[in-house]
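For reference, the structure is listed below as structure tokens.
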Amino acid sequence: QADQRGGVAVDLGCGNGWYLRQIAHRFPRMRGVGLDGFAENITQAIQLAQQEGLGDRLTFKAGDIHQFTISEPVDMIAMNRALHHVWSEKDNVFRILKEHLKPGGTAVIWEPNWPHSRAELRDPGKSGMALSNLFEYVQGNHFLRPEEIQAAFHQVGMETTVYLFANGNEAVIVGTKP
């Protein structure tokens, strides 16, 4: 439906713009806005969008999520493996998500599905996650669980659906604005 009306998708912490480029290829009328805190990521995102013929529908800019604004309510906001970097300020982040969505719009959060105990990281199926755990721990990031993200969505009055994939090691939590 959003594609039919030329809707807008936002990616907060967009990196090189891979997610918005995929959306733009799949949905030819969708427009997108990517925001990232690193100028080099934005430079790369702009170049890749231009190379793929998507520069007229995708906009990328450097900035801080906490100052994010957009001139119109949007259909979707995504945060792919970015929420844990700003979890300490989750009240502001979830306020931003809800305020910038259209009624019926969705926020899509992708994060690792961290086990309840570090001992579970010894499971051979979680070896990649164990290495990520070390990097995230050194950076001081919070290890998120889907139920924590759901609770934050519920706190701002949004309904949620959780999707697990990669043998349950990854989670996508979708919050929908009423």
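The values are calculated or read from the model by the stated rules, or taken from the named source; none is laboratory data. Because the structure is a prediction, the values reported are computed rather than measured. A quick note on method: Cβ atoms are made from the backbone with ideal geometry, for glycine too, and the neighbour counts reach across all protein chains shown. SASA here: full protein model, heavy atoms, side chains in, ligands and nucleic acids out. Shrake-Rupley method; radii C 1.70, N 1.55, O 1.52, S 1.80 Å.
Across segment 25-54, the qualifying residues are those that are open to solvent by less than 30 Å² (accessible area, probe 1.4 Å) and not in a helix (DSSP H, G or I), and the one among them that is farthest from Ala78 (Cα to Cα) is Leu54. Within the span defined as segment 158-174, every residue fails to be part of a helix (DSSP H, G or I) and either modelled with pLDDT of 95 or more or of a type in the set (Ser, Thr, Tyr) (or both). Scanning segment 74-112 for residues that are open to solvent by less than 70 Å² (accessible area, probe 1.4 Å) and in contact with a His (Cβ under 7 Å, 6 or more places away or on another chain) returns Val74, Ile77, His84, Trp87, Asn92, Glu111. Being among the charged types (D, E, K, R), over 19 Å from Phe143 (Cα atoms), touching a Lys or Arg at 6+ places or on another chain (Cβ under 7 Å) and in a strand (DSSP E or B) is not true of Asp3.
Residues of segment 127-157 that are over 12 Å from Asn169 (Cβ atoms), modelled with pLDDT under 80, open to solvent by 30 Å² or more (accessible area, probe 1.4 Å) and not aromatic (Phe, Trp, Tyr): Leu131, Leu134, Glu136, Val138, Gln139, Gly140, His142.
Out of the residues in segment 55-102 that are under 16 Å from Leu20 (Cβ atoms) and assigned to a helix (DSSP H, G or I), which is modelled with the highest pLDDT?
His100
If you check Pro124 against the conditions, is it modelled with pLDDT of 80 or more, surrounded by fewer than 20 Cβ atoms within 10 Å (Cβ to Cβ) and out of contact with any helix residue (DSSP H, G or I) (no Cβ under 9 Å at 6 or more places or on another chain)? I'd like the intermediate steps shown before the answer.
Values: modelled with pLDDT of 80 or more: yes; surrounded by fewer than 20 Cβ atoms within 10 Å (Cβ to Cβ): yes; out of contact with any helix residue (DSSP H, G or I) (no Cβ under 9 Å at 6 or more places or on another chain): yes.
When the stated conditions are applied, Pro124 passes them.
Figure legend. Inter-residue proximity from segment 123-145: first residues small (Gly, Ala, Ser), second residues modelled with pLDDT of 70 or more and open to solvent by 50 Å² or more (accessible area, probe 1.4 Å), beta-carbon distance below 7 Å, spacing 6+ or different chains. Indicated pairs: Gly125/Asn167.
Summed over segment 165-178, the residues that are within 15 Å of the chain's Cα centre (by Cα) and either loosely packed, with under 15 Cβ neighbours inside 10 Å or of a type in the set (Lys, Arg) (or both) give a count of 0.
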